[in-house]
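Below: the structure, in structure tokens.
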Amino acid sequence: MDKKIVTKESLADWQNTAYYDNDLHLYFEDTYGRWNWTEIYREGVSVCNLMFDYEIEEDSPLESVFAAVAAQAAYGAFSAVAQAIGTDRHYLMGAIEDYYENKDESLPALGYDGLRSAIEEEQKMSDDFEK
């Protein structure tokens, strides 16, 4: 079975699509495919403008709603993983920051031990900063 490709242009015709909610999900997951919440919220604003023939202004309260929702979705995911591995979200985020912010770069895998070391390093830097 071929996977459906959803384009930004096809989203503009959302009123003639029975499954526009699924199309939005497919677009953001597969077609757009970014990881960083700031890139995602900006694309969300762009898609909203296209779908509803509306112009959400940069730095407006409405744009801030998109930013806050995308940020909390990311932070919630980080928090869940951090809790599962027994660390603080901030340490985890610091440990994988290069991966999260540079999706297009081919960075070497940390592995479990490398991730543990990177988290411990983040915690040490935080502790040293607070002294």
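The values are calculated or read from the model by the stated rules, or taken from the named source; none is laboratory data. Keep in mind that this is a model prediction, so the values were computed, not measured. Cβ placement follows ideal geometry from the backbone for every residue including glycine, while neighbour counts extend to all protein chains displayed.
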Selection over region 101-122 where residues are surrounded by 16 or more Cβ atoms within 10 Å (Cβ to Cβ) and either assigned to a helix (DSSP H, G or I) or at pLDDT 95 or above (or both) yields a count of 4
Of a type outside the set (Phe, Trp, Tyr), farther than 30 Å from residue 129 by Cα, at pLDDT 95 or above and surrounded by 12 or more Cβ atoms within 10 Å (Cβ to Cβ), is that true of residue 6? no
Does region 44-55 hold any residues that are over 16 Å from residue 15 (Cβ atoms) and crowded, with 17+ Cβ neighbours inside 10 Å, and which are they? 44, 45
Within region 90-113, can one find any residue that is touching a Lys or Arg at 6+ places or on another chain (Cβ under 6 Å) and in contact (Cβ under 8 Å) with a residue 12 or more places away in the chain? no
If I filter region 75-85 for residues that are in contact with a helix residue (DSSP H, G or I) (Cβ under 8 Å, 6 or more places away or on another chain), under 15 Å from residue 35 (Cβ atoms) and at pLDDT below 95, do I get at least one hit? no
Those residues of region 65-100 which are surrounded by fewer than 12 Cβ atoms within 10 Å (Cβ to Cβ), assigned to a helix (DSSP H, G or I) and of a type outside the set (A, V, I, L, M) amount to 76
Given (1) at pLDDT below 95; (2) not in a helix (DSSP H, G or I), where does residue 27 come up short, assuming only one miss? (2)
For region 15-26, pairs from a residue that is of a type in the set (Asp, Glu) to a residue that is in a loop (DSSP other than H, G, I, E, B) and surrounded by 10 or more Cβ atoms within 10 Å (Cβ to Cβ), with Cβ under 8 Å and 6 or more apart or across chains, are 23/4; 23/6; 23/17
